[in-house]
Amino acid sequence: MHSPWVLWLIKFAMISMMPRAAGLPGIEDTDLDGFLRRMRRETDPLYWLGLAAGAALFAVTPLVTVGVPLPAFFLPAKLRYRHAEKLLAHPLYLLRQGAFLVRLSAGMCWGADPQVRARFALAPYGPDPGTFRS
């Protein structure tokens, strides 16, 4: 799953779920490309598969959430955000969990970004020592 389409789909879903808001940077303002390349290298293949599946799920479910029979990338921004919120609160666990995996991964990228951390008066993270931390 090294396809550029998979990366594009994951980025699209993440950007749709975490846009700029209330003076805070969105996920698109972070080094999302670098984060996804590093995640692809370092993560378990099953996690990456779940992330790709969650992004695909996000793309094809607007009919289920907002009643529009189009893929998410054809929705206007406000409707796409509403779709994301409804998908994350959907009563079917598998739909909700697929979207949550995308948002969780986006949150890891967003929360580690130095610009975002500065907005919350937090020091930037130090360099990654390359070892497992718990």
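The values are calculated or read from the model by the stated rules, or taken from the named source; none is laboratory data. Since we're looking at a predicted model, the values are computed, not measured. Counting neighbours? That spans all protein chains shown, and the Cβs are built from the backbone with ideal geometry, glycine included.
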Taking the condition of being exposed (fewer than 13 other Cβ atoms within 10 Å of the Cβ) and within 17 Å of MET17 (Cβ to Cβ), how many residues in region 34-43 meet it?
0
Conditions (1) surrounded by 13 or more Cβ atoms within 10 Å (Cβ to Cβ); (2) part of a helix (DSSP H, G or I) -> PRO19 fails only (2)
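Being surrounded by fewer than 18 Cβ atoms within 10 Å (Cβ to Cβ) and not small (Gly, Ala, Ser) narrows it down to one of VAL66, VAL60, so name that one.
Just one listed residue meets the conditions, VAL60.
Part of a helix (DSSP H, G or I), surrounded by fewer than 19 Cβ atoms within 10 Å (Cβ to Cβ) and of a type in the set (A, V, I, L, M): which single residue out of LEU9, LEU46 fits that description? So that I can check it myself, show each step before the final result.
Working: LEU9 fails: surrounded by fewer than 19 Cβ atoms within 10 Å (Cβ to Cβ).
Just a single option satisfies the conditions, and that option is LEU46.
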Check LEU24 against each of (1) surrounded by fewer than 12 Cβ atoms within 10 Å (Cβ to Cβ); (2) more than 11 Å from CYS109 (Cα to Cα) and name the one condition it does not meet.
(1)
Name every residue in region 90-128 that is under 16 Å from the mean Cα position of the chain (by Cα) and aromatic (Phe, Trp, Tyr), in order of residue number.
PHE100, TRP110
Looking at ALA89, ALA13, ALA72, ALA52, which one is over 23 Å from GLY111 (Cβ atoms) and either modelled with pLDDT of 95 or more or small (Gly, Ala, Ser) (or both)?
ALA72
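Only residues that are more than 18 Å from LEU49 (Cα to Cα) and touching a residue at least 12 places away in the same chain (Cβ under 8 Å): list them for region 82-102, please.
Matches in region 82-102: ARG82, HIS83, ALA84, LYS86, LEU87, LEU88, HIS90.
Looking at region 23-43, which of its residues are in a helix (DSSP H, G or I) and of a type outside the set (A, V, I, L, M, F, W, C)? Spell out how you get there, then give the answer.
Step one: filter region 23-43 for residues in a helix (DSSP H, G or I), giving 27-29, 32-42.
Correct list: GLU28, ASP29, ASP33, GLY34, ARG37, ARG38, ARG40, ARG41, GLU42.
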Collect the residues in region 17-49 that are of a type in the set (S, T, N, Q) and at pLDDT 95 or above, keeping them in residue-number order.
THR30
Residues (surrounded by fewer than 16 Cβ atoms within 10 Å (Cβ to Cβ) and of a type outside the set (Phe, Trp, Tyr)) located in region 69-81:
PRO69, LEU70, PRO71, PRO76, ALA77, LYS78
What tally of residues in region 114-134 results from selecting those that are surrounded by 11 or more Cβ atoms within 10 Å (Cβ to Cβ) and at pLDDT below 90?
1
Anything in region 1-25 that is of a type in the set (Gly, Ala, Ser) and touching a residue at least 60 places away in the same chain (Cβ under 8 Å)? List them, or say none.
ALA13, SER16, GLY23
